[in-house]
Each structure stands twice: as structure tokens, then as C-alpha cells.
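All remarks here apply to the structure that follows.
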Amino acid sequence: MIDTTALLHSARQSLAEVFGFSQFRQPQEEVVGTLLSGQDALVVMPTGGGKSLCYQLPSLVRSGTGIVVSPLIALMQDQVSALSQLGINAGCLNSSIPFEQLQETEHLLLTGQLDLLYVAPERLLQPRTLNLLQRTEIALFAIDEAHCVSQWGHDFRPEYMQLDQLATLFPGVPRVALTATADARTRDEIVHRLALTDAKRFVQGFDRPNIRYRIGQKEKAREQLLRFIRTEHEQDVGVVYCLSRKRVEETAAYLCDKGFNALPYHAGLSAELRQHHQHRFLTEDPIIMVATIAFGMGIDKPNVRFVAHLDLPRSIEAYYQETGRAGRDGLPADAWMVYGLQDVLFLRQMLESSQAEDRYKQVERQKLEAMLGLCEITSCRRQVLLSYFGEPEHPPCGNCDTCLEPVPVWDGTEAARKALSAVYRSGQRFGVNHVVDILLGQQTDKVLQNQHQKLSTFGIGKELDKNQWRSVFRQLVARGYLRVDADGHGVLLLNDTCRALLRGDETIQLRKDPRVPSGKGKTDFRSAGRRDRTNPAMRRLDPAEERLWEDLRALRKRLAQEQDVPPYIIFHDATLMEMVIYRPQTEQQMRSLSGVGERKFDLYGDAFLDVIEEHQTAPGQWVSPV
Ligand code: ADP
Ligand code: ZN
């Protein structure tokens, strides 16, 4: 019988001493308790929620090594470095590690000297590794990014399907599966495929209150992006997502040209270059990664202050996962996007031309519709996001563009009817540009060729301009009155739902465009009024505090460069911010800050205390954070 109480006690002690955290977050303590008692667990927590601690702590407390299965080979080394900064012995096994180092790691493992071992799934499943593990004392198995087991998700990894073997090969060793993205179906799939039927389930809410969502109309995307970064994130870390490799390259070059430290990342770059850029992204600050979705899963940089989308993601899941990479440290962050009808056409085209089964395409089509719905909504964005993930009960958030600047709408019934009949009268054979030409009464070649100047709808829409018409069409597509043809030529087709509108039984409110995400409601990194629970100390800094903040950051950067590790591995922004606010003067005071554990204090405490001391003008003003 395991004495869980004593183990939990020592887990609490390690939380404070090793990690420097004064308390658990929800539901960490219960997960740790479950694993310490030898039971399995399934943990679904939003990005930045603190999943790693759920398996790291029990690995330290239970005897033996914690085995962490993760598909993120490129990040393993950084994880190992971060742990060693905390005084935790960790190693990793994957195909990118040189032979001698693998041997060394295996030796450490067999002689019981490792607290944690990170392993890529394909490496774990090799008979040699399984054999090695059978000769090792194992504290637990943690299966990270467990949604990779789902065939329906876009991160599917076939090797994950075979991880159910662990249940039979290592009976009695507790297993925990962790993920940030799991709707009910994926959750059941994880339980089923990983043989976790008896696992205790921990599902945390999906809300990321520190992220501010803004979605606007695309005009000159790159210039809009530049304006956004210049006015709000000049010195910050960010990720910019584009759909195509070409756009990634162009956008990265454009930002560099404007003086930013920007890098491209996409599947067309060599593995080496990708790894190099990823490493630079982790270690440099400020830096902007311009990427396709190939970049992302498990990005562990906590201080990403903005995620910008220059193209529409193909589903709300993808959007939420990508934007979720912002603000893992709990400080305010921006999710900023511009989109246009062109994006919808492009995504439809990709979808329809793919080789996938019809059933799959149907699901994907619906997902894209939902994503469009999010873009065109005139009420709170967060409510839409959260109800999509099964949490319909949230009130309007006060931290998205539609909450901050209520959307002006207009009665678009008449315009919509004109638009729909122009599509109908021209035979549902043309794309948006041509139909708009008809409405505006433009005698283009195409109009004349098709004799469309004779249509009753020719020239009936002169009260709006071209852009306004495009906006009408985009909204009609987004709301499902119109669809775009399946062959990807951009041909507009009527849906049945448009009948009521055409007959005059229904009216429609359209949002006024152009609507560009403005600077209003811009997040200030240190602004008050944030809704985050984890960092109550955040507030606007005065100039003296600002100088201390900069000096602390400079010290951190120097220390990080000396060791070639990312700055946040030394201390997180949130910890530096506490130093600025509380101005600790003694070891004991410093140690009471969040993120300052025993070993970190030994390594860096004095250097940071010195900087704080230099900034001390008046006698001490220490106020305990706890
Ligand atoms: P996830 O894997 O769920 O995205 P992480 O495990 O990387 O999240 O944790 C996110 C951040 O929260 C990290 O910076 C981590 O140090 C911090 N953190 C985790 N648990 C706690 C805690 N109990 N108290 C304070 N900070 C915590
Ligand atoms: Zn809102």
C-alpha cells in the first residue's frame, strides 16, 4: 500500500524548493496525487495551464525515472536544459542525438541517475528501447500531446496508436496522457487507443483570459501587420502564420527589411535550417517567426506576445491552437487576424482538390464554415470559441474586439437580395468579381461576351462600391446563404437558405466594413485591468521601474547567452516582473518570488539582487508577495 499522503507532502515541498512555486494550480495537485497513488490519468488543460508539472513532480517524488513520450524532438534538448537549471537530471532519446550521447543517457538511465527521460514515440517503440526500459525502474509514463493519437486531428502520428503496448508491457506503472486540444470525441479516442479506460479524467476549462482576440478585414495584409507590430509590439516576441510557403518567405523578408528580427519557417526548408530557426526563436528576444502551420506544436516559449494570422486558418481548432501559443506565461497577449474572401476560396480549393474521402471533406467543410462564422460574428468572439469547445455558459468577455468596440451594423436586406439575384440571373456560373461588375453596371469584356448588360440586375447596385459589395458577398458566404463551388473555381452558388431572404420573409443585418483591427483596446504588456488570475502583480510601470525592468532583462540575456540557452530558462518574464514590483533585498525575499527555486537562487540570485540594489534609491520597500 502506497502512503500517498507522505508522497504528496514531499511533492509540495519540491514544488516550492525545486520549482519555486508557492502553490499548485488547478488541477495539478489532484493529478499529482493520482499518479503518486499509482493510478492513470488523462489531463486536458489549456496551453500554458501547467501540464508539465503534472508529470515532472511525481517523477521526482516516486522512485525511478519518469518516461515522457513526446513527438517534439526539436524541443527535447531545451526541455532538458530547462530542467537542469532547476537541478533536475533529465535526458532524451531521439534520432537527432549523437551516438555517444545516447550511450551516456542509457547508462545514466540504467544506473538510476535520471529523474526524467524524454523519448520520441518511434524510438520508444523500438525493441531495443523497450528492452532497455524493462531493465529500468520506471516512475511513470507521460504521453504528451496525446491528441496525436487521433486520426481525425491534423497532428496524427501513427506511432501513437501503438503506445497502448505500454499498458501490457509495464503493468503497475502509472500512465498519464496530456493534451491541450481535445473535444469530447478526441478525448474518448485517447482513452480508447491508449488503453486508459480506468484513468481519472481532469478537464480544465478552455478559456485563455489573457489573450485578446481581434479579427479584421484584409486589405493590404502586410502593411496592416506592420502597423500592428509597430504600434503594439515593437520589441516583442511573436509568431505570424501564413498559409503558403511563398507568403511566409515574402513576409519574413518584408519584416526584416523593416528592421525586425524575423525568420521564415515552413516544411520546404531543410530539417537543419528549420531546427536552426527554431533554436533562434527560442533563444532570441525580440524575434518574430513567420511560419506555416508546420511550426507550432509544443512551442514552449512562454513570452510570445502576439500571434498574427495573415490567412484564415481552416478550422476553429486550428485557430485556437495557433493563437494559444501566445501568452503561455499568463501575461496579456494578442491574437490578431485579417482575412478576406480570397482566403475562403483558397481553402475550399485546397480541400476539394485533396484526395481525402468524402466523409472527411464534409467534416472539413463544416469546420471551415464554423471558422467563417467566428470571423463574421457581431457578438463576443470568446463566447463563440468557448461554446465551440463545449462551454456555452461564459458571459461576454470584455477582452475581444467585438466586446471592446461594438460592431456597427446596417440593414443589408436589400443589398443581399440584389446580390443573390445577380448570382441567380447570371446562371450561378461566375465568381465574385464578375457578379460585382454586373451589379455596378461595368461593361467589361466578360460582361459583354455573356450579354450580361441585358440582365435585369445589371447596374442595380451603384449605391455601394466594389469593396462594399465584396464585403456583402463575403458575409453572405460566411452565413451560408451562398457557397463557393466544389471545384475551386470560385463560382458562387445559391444555397436553399437564401429563399426566405429573396422572398422578403427574412431580413439580414450586415456588419459595416471595412473593419480593420484597430489599435483601440490594444493590450499593454503591463497594463492593469487584465483578467489573469496567476499574476496579480502586473500593472503599468513607472519610469524608474521601467529602467529596472530593462536592466534585469539585460542581465538575463547575458546569462542566457553565456550558456546558449533561451532567456526564459533563466527566469520567466513573470518572475522578473515580480522582482521589479517587490524589489527583494535578501535571499529569503528573493526566494519567495514565483519561479525562484533553490537551485535557481544559487545560480543567479546574487546577480539579480545586485541589479535591484543598484536601483534602490530610497530605503527598502519590500512588500511580501504572499
Ligand atoms: P503547458 O504545458 O500546459 O502549456 P507549462 O507546463 O509549460 O504549460 O506551464 C506553463 C507555465 O506555467 C510555465 O511557465 C510554468 O513554469 C508555469 N507554472 C506551472 N505550474 C505553476 C504553478 N503551480 N505556479 C506558478 N507557475 C506555474
Ligand atoms: Zn468578448
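The values are calculated or read from the model by the stated rules, or taken from the named source; none is laboratory data. Remember, predicted model here, so these are calculated numbers, not experimental data. Note that each Cβ is placed from the backbone with ideal geometry, even for glycine, and that neighbours are counted across all protein chains shown. The accessibility values were calculated without ligands, DNA or RNA, using every heavy atom of the protein model including side chains. Shrake-Rupley method; radii C 1.70, N 1.55, O 1.52, S 1.80 Å.
Within segment 402-429, how many residues turn out to be in a helix (DSSP H, G or I), open to solvent by 20 Å² or more (accessible area, probe 1.4 Å) and without any contact (Cβ under 8 Å) to a residue 60 or more places away in the chain?
Taking segment 402-429 as the starting set, the residues that turn out to be in a helix (DSSP H, G or I) are 402-404, 413-425.
Restricting the remaining residues to those that are open to solvent by 20 Å² or more (accessible area, probe 1.4 Å) gives 403-404, 414, 417-418, 421, 424-425.
Checking the rest, the ones that are also without any contact (Cβ under 8 Å) to a residue 60 or more places away in the chain come to 403, 414, 418, 425.
Total meeting the criteria: 4.
Among the residues of segment 116-132, are any at pLDDT below 95, of a type in the set (D, E, K, R) and surrounded by fewer than 16 Cβ atoms within 10 Å (Cβ to Cβ)?
Yes: one or more hits.
Which of the residues that make up segment 385-401 are open to solvent by 20 Å² or more (accessible area, probe 1.4 Å), outside any loop (DSSP other than H, G, I, E, B) and within 9 Å of ligand 2 (Cβ to nearest atom)?
Residues of segment 385-401 open to solvent by 20 Å² or more (accessible area, probe 1.4 Å): 387-396, 398.
Next cut, outside any loop (DSSP other than H, G, I, E, B) only: 387-388.
Within segment 385-401, none qualify.
Give me the pairs, please: first residue somewhere in segment 6-29 and over 18 Å from VAL176 (Cα atoms) and among the aromatic types (Phe, Trp, Tyr), second residue anywhere and more than 7 Å from ligand 1 (Cβ to nearest atom) and open to solvent by less than 30 Å² (accessible area, probe 1.4 Å), beta-carbon distance under 6 Å, and either six or more positions apart or on two chains.
Short answer, once both residue conditions are applied: PHE19/GLY597.
Within segment 351-369, work out how many residues are within 17 Å of TYR339 (Cα to Cα), open to solvent by 30 Å² or more (accessible area, probe 1.4 Å) and not acidic (Asp, Glu). I'd like the intermediate steps shown before the answer.
At the first step, the residues of segment 351-369 found to be within 17 Å of TYR339 (Cα to Cα) are 367-369.
With the extra rule that they be open to solvent by 30 Å² or more (accessible area, probe 1.4 Å), the set shrinks to 367, 369.
From what's left, not acidic (Asp, Glu): 367.
Final tally of qualifying residues: 1.
Determine the pairs where a residue that is not assigned by TED's automatic domain parsing to the domain that holds ALA370, located within segment 467-486, has a partner that is of a type in the set (Asp, Glu) with Cβ atoms under 6 Å apart, the partner being 6 or more residues away or on another chain.
SER471/ASP513; GLN475/GLU376; ALA478/GLU376; ALA486/GLU352
I'd like the residue in segment 181-197 that is among the β-branched types (Val, Ile, Thr) and in a loop (DSSP other than H, G, I, E, B) and, out of all such residues, is most open to solvent (accessible area, probe 1.4 Å). Please lay out each step first, then the result.
At the first step, the residues of segment 181-197 found to be among the β-branched types (Val, Ile, Thr) are 181, 186, 190-191, 197.
Restricting the remaining residues to those that are in a loop (DSSP other than H, G, I, E, B) gives 181, 197.
Details: THR181: 39, THR197: 113 Å².
Within segment 181-197, the match that is most open to solvent (accessible area, probe 1.4 Å) is THR197.
Looking only at segment 358-370, decide whether some residue is under 29 Å from ARG187 (Cα atoms), in the same structural domain as TYR241 (by TED's automatic domain parsing) and part of a loop (DSSP other than H, G, I, E, B). So that I can check it myself, show each step before the final result.
Start the filter on segment 358-370 by keeping residues that are under 29 Å from ARG187 (Cα atoms), which leaves 358-370.
Within this subset, residues satisfying the condition of being in the same structural domain as TYR241 (by TED's automatic domain parsing) are 358-370.
With the extra rule that they be part of a loop (DSSP other than H, G, I, E, B), the set shrinks to none.
No, because not a single residue in segment 358-370 is under 29 Å from ARG187 (Cα atoms), in the same structural domain as TYR241 (by TED's automatic domain parsing) and part of a loop (DSSP other than H, G, I, E, B).
What do you reckon, is ARG12 touching a Ser or Thr at 6+ places or on another chain (Cβ under 9 Å) and either within 12 Å of ligand 1 (Cβ to nearest atom) or closer than 29 Å to ALA294 by Cβ (or both)?
On the way: touching a Ser or Thr at 6+ places or on another chain (Cβ under 9 Å): no; either within 12 Å of ligand 1 (Cβ to nearest atom) or closer than 29 Å to ALA294 by Cβ (or both): yes.
So ARG12 fails the test.
Is there a residue being exposed (fewer than 15 other Cβ atoms within 10 Å of the Cβ) and not aliphatic (A, V, I, L, M) anywhere in segment 466-474?
Filtering segment 466-474 down to residues exposed (fewer than 15 other Cβ atoms within 10 Å of the Cβ) leaves 466-467.
If we keep only those that are not aliphatic (A, V, I, L, M) as well, we get 466-467.
Among the residues of segment 466-474, at least one is exposed (fewer than 15 other Cβ atoms within 10 Å of the Cβ) and not aliphatic (A, V, I, L, M), which makes the answer yes.
Counting just the residues of segment 33-48 that are within 13 Å of ASP144 (Cβ to Cβ) and near ligand 1 (Cβ under 6 Å from one of its atoms), which one comes out least open to solvent (accessible area, probe 1.4 Å)?
Among those that are within 13 Å of ASP144 (Cβ to Cβ) and near ligand 1 (Cβ under 6 Å from one of its atoms), it is MET45.
Would you confirm, using the coordinates I've provided, whether VAL290 is touching a His at 6+ places or on another chain (Cβ under 7 Å) and at pLDDT 95 or above?
Numbers: touching a His at 6+ places or on another chain (Cβ under 7 Å): no; at pLDDT 95 or above: yes.
Spelling it out, it is not the case that VAL290 is touching a His at 6+ places or on another chain (Cβ under 7 Å) and at pLDDT 95 or above.
Quick one: LYS200 ticks every box in (1) in contact with a His (Cβ under 9 Å, 6 or more places away or on another chain); (2) crowded, with 16+ Cβ neighbours inside 10 Å; (3) farther than 30 Å from PRO408 by Cα except a single one, so which number is it?
So the condition that LYS200 fails would be (1).
Among the helices (runs of 4 or more DSSP H) contained in segment 1-96, which hold 2 or more residues that are at pLDDT 95 or above and closer than 30 Å to LEU386 by Cα? Break it down into steps so the answer makes sense when it comes.
Values: elements: 4-14, 28-36, 51-61, 73-85.
In segment 1-96, the matching helices (runs of 4 or more DSSP H) lie at 28-36, 51-61.
Which one of these is without any contact (Cβ under 8 Å) to a residue 24 or more places away in the chain, surrounded by 17 or more Cβ atoms within 10 Å (Cβ to Cβ) and of a type in the set (A, V, I, L, M, F, W, C): CYS375, CYS380? Walk me through how you get there before you give the answer.
Details: CYS375 fails: without any contact (Cβ under 8 Å) to a residue 24 or more places away in the chain.
The conditions single out CYS380.
Mind listing just one residue for me: the one in segment 357-379 that is of a type in the set (D, E, K, R) and touching a helix residue (DSSP H, G or I) at 6+ places or on another chain (Cβ under 9 Å) and, of those, nearest to CYS400 (Cα to Cα)? Write out each step before concluding.
The initial filter retains those residues of segment 357-379 that are of a type in the set (D, E, K, R), namely 357-359, 361, 364-365, 367, 369, 376.
Then drop every residue that is not touching a helix residue (DSSP H, G or I) at 6+ places or on another chain (Cβ under 9 Å), which leaves 361, 364-365, 367, 369, 376.
Details: LYS361: 31, GLU364: 26, ARG365: 26, LYS367: 22, GLU369: 21, GLU376: 13 Å.
The qualifying residue nearest to CYS400 (Cα to Cα) is GLU376.
Can you tell me how many residues within segment 558-572 are within 13 Å of ligand 1 (Cβ to nearest atom) and over 22 Å from the mean Cα position of the chain (by Cα)?
The total comes to 1.
Looking only at segment 355-365, decide whether some residue is without any contact (Cβ under 8 Å) to a residue 24 or more places away in the chain, closer than 24 Å to GLY49 by Cα and polar (S, T, N, Q).
Within segment 355-365, none of the residues are without any contact (Cβ under 8 Å) to a residue 24 or more places away in the chain, closer than 24 Å to GLY49 by Cα and polar (S, T, N, Q).
Return the residues of segment 142-171 that are surrounded by 17 or more Cβ atoms within 10 Å (Cβ to Cβ) and either among the polar types (S, T, N, Q) or in a loop (DSSP other than H, G, I, E, B) (or both); say none if nothing qualifies.
Those that are surrounded by 17 or more Cβ atoms within 10 Å (Cβ to Cβ) and either among the polar types (S, T, N, Q) or in a loop (DSSP other than H, G, I, E, B) (or both): ASP144, GLU145, SER150, GLY153, ASP155, ARG157, PHE170.
For (1) surrounded by fewer than 23 Cβ atoms within 10 Å (Cβ to Cβ); (2) hydrophobic (A, V, I, L, M, F, W, C); (3) outside the structural domain of ASP300 (by TED's automatic domain parsing), each residue gets a yes or a no:
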| position | (1), (2), (3) |
| --- | --- |
| GLU17 | yes, no, yes |
| VAL31 | no, yes, yes |
| ILE67 | no, yes, yes |
| LEU72 | yes, yes, yes |
| GLN77 | yes, no, yes |
| CYS92 | no, yes, yes |
| PRO98 | yes, no, yes |
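Might you check whether a residue that is over 25 Å from VAL80 (Cα atoms), of a type in the set (Val, Ile, Thr), modelled with pLDDT of 90 or more and open to solvent by 20 Å² or more (accessible area, probe 1.4 Å) occurs anywhere in segment 172-180? Break it down into steps so the answer makes sense when it comes.
Within segment 172-180, the subset over 25 Å from VAL80 (Cα atoms) is 172.
Right, trim to of a type in the set (Val, Ile, Thr) and you get none.
Within segment 172-180 (the criterion being over 25 Å from VAL80 (Cα atoms), of a type in the set (Val, Ile, Thr), modelled with pLDDT of 90 or more and open to solvent by 20 Å² or more (accessible area, probe 1.4 Å)), the answer is no, since none of the residues qualifies.
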